[in-house]
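What follows is a short report on a single structure.
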Amino acid sequence: IGRGELDEAQTALGSLDTPGAHFFRAVIALRRHEGGRAERELEVAARDPAYAGASETMLRIARRTGRVEAQFFAGGELDTNPQLLPDTPPTGATATPITDENGQLAMTAVGRPTPWLAIRNAIVWRKQRTLHDLDFFGESAQVGFEDDRGPDHIAIRYDLDYDVLGGASYLIAHRGTLRYRRELGTWDVGASYAIRARDFRRTTEAAFDGHVQTGELAATLHATTELDLDGRLFGAREVT
């Protein structure tokens, strides 16, 4: 859904005081990460039996949407080849796979001090039962700026990744991303570019240090209200 379409819907709903208007204003508010406003609209919509069930479901989402959001995961897995690690397998990964079990914890937190600024941090911790050299800790921090107040949608992001393997520093990576999309009536056109610099901390993986660049051109035709036609041209270049 484009920002222009949301603006048109918001204008059409105006200040209508009907259960349906309150419900759909809440949907728009959720799309814009405005949990408090969505919650107020849904509480009104829920007074109508026709919207009560859907409003209760949406209220649970609205109460988890706001300036600060967090998710937590705990679990485990049976891995038939834990030597295949993020980014690039270490030396020896082509050896006969060894099955092992592990426990995992993961957490993601997002802060939105303003509608156009988002700060994210994701942490993953994995503990192997027997292959302790493959115990893994990863952290990914991101600062993102997005502006979609009109037909233009601009996003600028910076990511910092830090991985620890077997208790020792494994990888530090920086990534910058620029995205642009323009709404042109029945057409949406856009482009994106990203560059990621990898610095492996062990000499066995040092040959993979370098840059990965990706780019994309995209166009979407809203042919009918039920049909969108989407085309993309994607390219990537890796220098190590």
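Quick notes
- Test result for ASP230, open to solvent by less than 40 Å² (accessible area, probe 1.4 Å), more than 30 Å from ASN102 (Cβ to Cβ) and among the acidic types (Asp, Glu): no
- Residues of the stretch 189-222 that are over 18 Å from the mean Cα position of the chain (by Cα), open to solvent by less than 50 Å² (accessible area, probe 1.4 Å) and without any contact (Cβ under 8 Å) to a residue 24 or more places away in the chain: ALA206 alone.
- Taken over the stretch 70-99, the criterion of being acidic (Asp, Glu) and modelled with pLDDT of 85 or more is satisfied by GLU77, ASP79.
- Test: residue in the stretch 13-32 that is touching a residue at least 24 places away in the same chain (Cβ under 8 Å), closer than 25 Å to PRO151 by Cβ, touching a strand residue (DSSP E or B) at 6+ places or on another chain (Cβ under 7 Å) and surrounded by fewer than 17 Cβ atoms within 10 Å (Cβ to Cβ): no
The values are calculated or read from the model by the stated rules, or taken from the named source; none is laboratory data. Given the structure is predicted, the values throughout are model-derived calculations rather than measurements. Virtual Cβ from ideal backbone geometry, glycine too; neighbours counted across all protein chains shown. Areas reflect the complete protein model, heavy atoms only, side chains present, ligands, DNA and RNA absent. Shrake-Rupley method; radii C 1.70, N 1.55, O 1.52, S 1.80 Å.
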